[in-house]
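For reference, the structure discussed in these notes is given below.
The values are calculated or read from the model by the stated rules, or taken from the named source; none is laboratory data. Everything quoted here is computed from the prediction, not taken from an experiment. Methodologically, a virtual Cβ is constructed for each residue, glycine included, from the backbone with ideal geometry; neighbour enumeration extends over all protein chains shown. The accessibility values were calculated without ligands, DNA or RNA, using every heavy atom of the protein model including side chains. Shrake-Rupley method; radii C 1.70, N 1.55, O 1.52, S 1.80 Å.
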Amino acid sequence: MAGNAKIKPKNPDRLFLEYQDAWIEDQSRLKLMEKGRQIGLSWSTAYGAVERTAPRDARFDQWVSSRDEIQARLFIEDCKKFGNMLDAGMKDLGLMIIEERSRLSAYVLQFANGRRIHSMSSNPDAQAGKRGGRVLDEFALHPDPRKLYTIAYPGITWGGQLEIISTHRGTHNFFNELVEEARHRGNPKGFSLHTVTLQNALDHGFLWKLQSVISQDDPIMGLDEAGYFDFIKAGCASEEQFLQEYMCLPADDEGAFLSYDLIAGCEYRAAEAWEMDSNGVMPDGRRLSELYVGVDVGRKNDLTVIWVLERIGSMLFTRAVICIQNQTFSAQEAVLYDVLGLPAMRRCCMDDTGLGMQLAERAKEKFGTYRVEAVRFTGPVKEALAYPVRAAAEDKSVRIPYNDKIRADLRSIRKTTTAAGNIRFDAESTSDGHADRFWALALAIHAASNPASMPVVSSSPGSRRMVRETEAFMGRAAFKLY
């Protein structure tokens, strides 16, 4: 190996690092793992599931709950690799219906002894009425972790282990409650608690293992442990995200306007097709019928964000999030007009504060005052816009992309009260904007509301960097946030 890692595992020839071995070998009835992302713990959990299920005298099936269908399938693929490594006779039964009435399904791997590993997505009802071991992977990311635990726990009454593995998702998440209870409140449930941060993993030789399998021309090959730590940190959308997802420090939900649970409950599944094309058509060929647009106009280094929602009944579905940075006024205007020109566009609410004033005024002239409304950001207006976002999140009546930068923007909004008793909604300005995605979403939600509810409408007159979409948007450069 030609990598630059300085820390070598104690036993370089072993498949697993020490923290992975400790997790696999722990035979406790209840196991709880708080972890950093992408350090091989879901992978080593798959090995443990095979080791328990494949032997001739194995007594229990395993029921695995993953974040989404893709992760469920990947878990089974890892199990197959370990089964081959252990020379276990097995058969991949593919996707099977496990609950006829509700048509719930799971990917199933059956061993020669008849025992099975069932890997399914996050529907808690899939755990009901089934005996055997439980693996709840990325537990905090499930839409309702408390309900999932409540249904899964009785399944080990007659034997088997319950393993919970996850990164954190805020202090109010049930996963953090379990961790805090085990660590600081006497551990009444009797969990065996494991904690592995990115730093812990590096200290056990993680980078050495990583550099032994990646391509020799990968830039990570030139990093030592300190360099890799900084590399991962620099790639995160915010300091809060890094501390939570890599260092096992849950984000403080007390000061945030939107908790992680609220945000997660509104997110599309990772592989869900949610974006329209340049003509307002979905991947399945359906033409969108009722679109509402919010535009937050960037100032100095901030982003200009165009957020497009489709109304279907009482639900609002995100169909595009377009981000523009360090572009000329005419370039921003051209992208905006392509969106506003879509036949399904019903109403747009635009920030006309500062630089947005001219953009909003010209859009009103082109598309009409009934389709384009200019909104002047003041303290009371921000308050009137912010609360419907939280209400929509609480009602789960809005769907948003599963994306780190969007999540960081929504989390960044803080509600404070001044000495004079006035409520303020604001966020720290970063290199990636100033909660621009939050305000664009808020304006889009307001555009979809009753026009009579408009809080304050303005009647005022009138090195480039871009994040490009892989396709052209209406024949022009489109910008989005990945």
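One quarter of the surface of the convex hull around the alpha-carbon atoms of the chain equals 26.4 nm², the direction-averaged projected area. Charged side chains reduced to their Cβ positions (Lys and Arg at +1, Asp and Glu at -1) give the range 14-156 a dipole of some 340 debye around its Cα centre. With bins 5 Å wide beginning at 0, the percent of Cα pairs of the range 27-170 falling in each bin runs 2, 11, 22, 25, 23, 13, 5, 1, 0.
Our estimate of slack between Glu394 and Leu93, defined as 0.36 nm per intervening residue step minus the Cα-Cα distance, is 104.5 nm.
Hey, got the dipole for the chain? About the Cα centre, +1 on K and R Cβ, -1 on D and E Cβ, debye to the nearest 20?
Working: 61 positive and 65 negative charges, 152 e Å.
Here the size comes out at about 740 debye.
Under the definition of Cα pairs under 8 Å and six or more residues apart, what whole-number percent is the relative contact order of the range 319-420?
It comes to 18 percent, rounded to a whole number.
Scanning residues 5 or more positions from Tyr402 or on other chains, those with amide H under 5 Å from its amide H are Tyr268, with H placed 1.01 Å from N in the peptide plane. Placing one equal scatterer on every Cα of the range 355-406 and applying the Debye formula, the log10 ratio I(q)/I(0) at q = 0.22, 0.25 Å⁻¹ is -0.94, -0.93. Computed over the range 258-339, the range of Cα coordinates on each principal axis works out to 35, 34, 23 Å, biggest value leading. Using 0.36 nm per residue and subtracting the Cα-Cα separation, the extra length available between Asp224 and Asp125 on full extension is 31.1 nm.
Working note: Cα atoms of the range 1-110, range along each principal axis, descending, whole Å: 55, 31, 30. With each label modelled as a point 7 angstrom along the Cα→C-beta vector, the Phe329-Thr369 pair spans 2.2 nm. Within the accessible area of the range 254-382, the carbon and sulfur atoms contribute 50%, probe 1.4 Å, all protein chains present. Spatial offset of the range 297-361 relative to the range 107-182 amounts to 41 Å, using the alpha carbon center of each. Each of Ala46, Ile98, Leu258 was placed along the dipole of the chain (beta-carbon charges, centred on the mean Cα), and the one lying farthest toward the positive end is Ile98.
Given a 1.4 Å probe, how much area per residue of the chain is accessible, in Å²?
45 Å²
Given that compact globular proteins tend to follow 2.2 N^0.38 Å, what is the ratio of the alpha-carbon Rg of the range 114-194 to that value?
1.09
When only alpha carbons are used to place a centre, the range 238-287 and the range 23-71 end up 26 Å from one another. Selection among Ser278, Leu198, Gly36 by position relative to the dipole of the chain gives Ser278 as farthest towards the positive end (Cβ unit charges, Cα centre).
Stokes-Einstein diffusion of the range 296-359 at 4 °C, 1.567 mPa s viscosity, Kirkwood radius from Cα pairs, rounded to a whole number: 102 µm²/s.
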